[in-house]
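Colleague: The structure is given below, and queries will be raised subsequently.
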There are 2 protein chains.
Amino acid sequence: MNTDFVLDPRLLADSHAVATLELCDLRLHGDSSFPWLILIPRIVGARDLIDLDPSQQGRLYEEIDRCSRVLVQAFSPHKLNVAALGNVVEQLHVHVIARFRDDPAWPAPVWGRVSVAYAADAREARIAQLQELLGR
Amino acid sequence: MNTDFVLDPRLLADSHAVATLELCDLRLHGDSSFPWLILIPRIVGARDLIDLDPSQQGRLYEEIDRCSRVLVQAFSPHKLNVAALGNVVEQLHVHVIARFRDDPAWPAPVWGRVSVAYAADAREARIAQLQELLGR
């Protein structure tokens, strides 16, 4: 148990809880422009992937794989974007984003844009869909 | 042996060979603004991380970890950026980039900028440094 782990307040503000995986908190980014997941390993002080020990890395990559497949199943994207950047929010987090040739940023990366919030019912429906696919 | 594997011509044009790892071709991006490595798994037709089988994924992540540690050893960056995007070049490739608070893109991601080419001697020196660290 990482009882001292606290989610970065900016990640908390920008995203919505989807699931508690074995290693990571899984959250939906609040920008409705993209089906956009964020995985945050509950490891105190981790900033970079290399800060995880090999078993934690293995678990993270399994969870990235699982979440990637959920996005493919739910949204049939043209491409996945998977990235650990952390230049602004240093707490280690991994973006897994479904990209489409007609999405508003294509083919550029998604970061640095104005976020378009979900309507509450659309957000709840999307979270429920993701939770159902994760539970299968 | 993946004898049918051919490196995407845009990756070939934008980067320089550093090493042939077990799974990946390791290349130095030609933009001298950042110490920027690209790993390209020699798997024909792979576009996304989920296109690799579990053993290939495991090997890729080991090679990302190794290259990340080489960048830390060589450049002591403030942060690493690790990303598989592929919106423009679809052939699966992973960026591993050393970032600094005084680099020309900070804190934004590095993509979409005008590339500043290395002088030939600086490029060769950087590649030799990376090769030496990889060989240890």
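The values are calculated or read from the model by the stated rules, or taken from the named source; none is laboratory data. Keep in mind that this is a model prediction, so the values were computed, not measured. Cβ sites come from the backbone with ideal geometry, for glycine too, and all protein chains shown count toward neighbours. Keep in mind that these areas ignore ligands, DNA and RNA; they rest on the heavy atoms of the full protein, side chains included. Shrake-Rupley method; radii C 1.70, N 1.55, O 1.52, S 1.80 Å.
Colleague: About its Cα centre, how strong a charge dipole does the protein assembly as shown have in debye, to the nearest 20, once Lys and Arg get +1 and Asp and Glu get -1 at the Cβ?
Modeller: The calculated dipole for the protein assembly as shown is roughly 300 debye.
Colleague: Using a 1.4 Å probe on the protein chains only, how many percent of the accessible area of chain B belongs to carbon and sulfur?
Modeller: 52
Colleague: Now for a different question. Rounded to the nearest 500, what is chain A's calculated 222 nm mean residue ellipticity when only DSSP H runs of at least 4 contribute -39500 (n - 2.57) each, over all residues?
Modeller: -10500 deg cm²/dmol
Colleague: I would also like to ask the following. On the principal axes of its Cα set, how long, how wide and how thick is the stretch B:29-106? Give whole Å, largest value first.
Modeller: So the three principal-axis extents are 38, 25, 16 Å.
Colleague: Taking the Cα centre of chain A as the origin, how large is its charge dipole in debye, to the nearest 20, when only Lys and Arg (+1) and Asp and Glu (-1) carry charge on their Cβ atoms?
Modeller: Computed about the Cα centre, the dipole is about 400 debye.
Colleague: What span do the alpha-carbon atoms of the stretch B:70-136 cover on each of the three principal axes, reported in whole Å from largest to smallest?
Modeller: 33, 30, 23
Colleague: Counting only other residues whose beta carbon sits under 12 Å from that of A:Trp106, what net charge do I get with K and R as +1, D and E as -1?
Modeller: For residues surrounding A:Trp106, the net value is +2.
Colleague: Which chain B residue puts its Cβ closest to the axis that rotates B onto A, and at what distance in whole Å?
Modeller: Residue with the nearest Cβ, plus whole-Å distance, for chain B: B:Ala83, 2.
Colleague: Same structure again: Under a point-charge model restricted to the Cβ atoms of Lys and Arg (+1) and Asp and Glu (-1), what is the dipole moment magnitude of the stretch A:95-136 relative to its Cα centre, in debye to the nearest 20?
Modeller: 160
Colleague: Compute the distance from the alpha-carbon center of the stretch A:110-134 to that of the stretch B:63-94, in whole Å.
Modeller: Spelled out, the Cα-based centre of one part sits 28 Å from the other.
Colleague: Put +1 on the Cβ of each Lys and Arg and -1 on the Cβ of each Asp and Glu in chain B; which of B:Leu23, B:Phe34, B:Leu12 then has its Cα farthest toward the positive end of the dipole?
Modeller: Ranked along the dipole, the leading option is B:Phe34.
Colleague: Over chain A, calculate the relative contact order: mean separation of alpha carbon pairs under 8 Å at least 6 apart, over the residue count, as a percent.
Modeller: Once divided by the residue count of chain A, the mean separation gives 27 percent.
Colleague: What ³J(HN,Hα) values, in whole Hz, does the Karplus curve 6.51 cos²θ - 1.76 cosθ + 1.60 give for the stretch A:45-62 when θ = phi - 60°, with x put for Gly and Pro?
Modeller: x, 6, 10, 10, 4, 6, 7, 8, 6, x, 6, 5, 4, x, 5, 4, 5, 5
Colleague: Considering just Cα atoms, how many Å³ per residue does the convex hull of chain A enclose?
Modeller: Convex hull of Cα atoms, per residue: 112 Å³.
Colleague: Accessible area lost on pairing A with B, both sides, 1.4 Å probe, Å² to nearest 100?
Modeller: 2500
Colleague: Which loop-located GluC sites (Glu not before Pro) does the stretch B:37-102 contain, where loop means any DSSP state but H, G, I, E or B and the Cβ has at most 16 other Cβ atoms within 10 Å?
Modeller: Those satisfying the criteria are B:Glu90.
Colleague: From the backbone phi of the stretch B:101-108, what are the Karplus-calculated ³J(HN,Hα) couplings (6.51 cos²θ - 1.76 cosθ + 1.60, θ = phi - 60°) in whole Hz, Gly and Pro given as x?
Modeller: My calculation for the stretch B:101-108 gives 5, 10, 7, x, 10, 3, x, 6 Hz in order.
Colleague: Counting partner chain Cβ atoms within 10 Å of every residue's Cβ in B:84-90, what's the average?
Modeller: 6
Colleague: Round to the nearest 10 and report in Å² the accessible area of B:His95, as given by a 1.4 Å probe over the protein chains' heavy atoms.
Modeller: Its accessible surface works out to 10 Å², give or take rounding.
Colleague: Let me ask something else. Can you run phi through the Karplus equation (6.51, -1.76, 1.60; θ = phi - 60°) for the stretch A:8-13 and list ³J(HN,Hα) in whole Hz, with x for Gly and Pro?
Modeller: Karplus-based 3J(HN,Hα) across the stretch A:8-13 equals 4, x, 6, 4, 4, 6 Hz.
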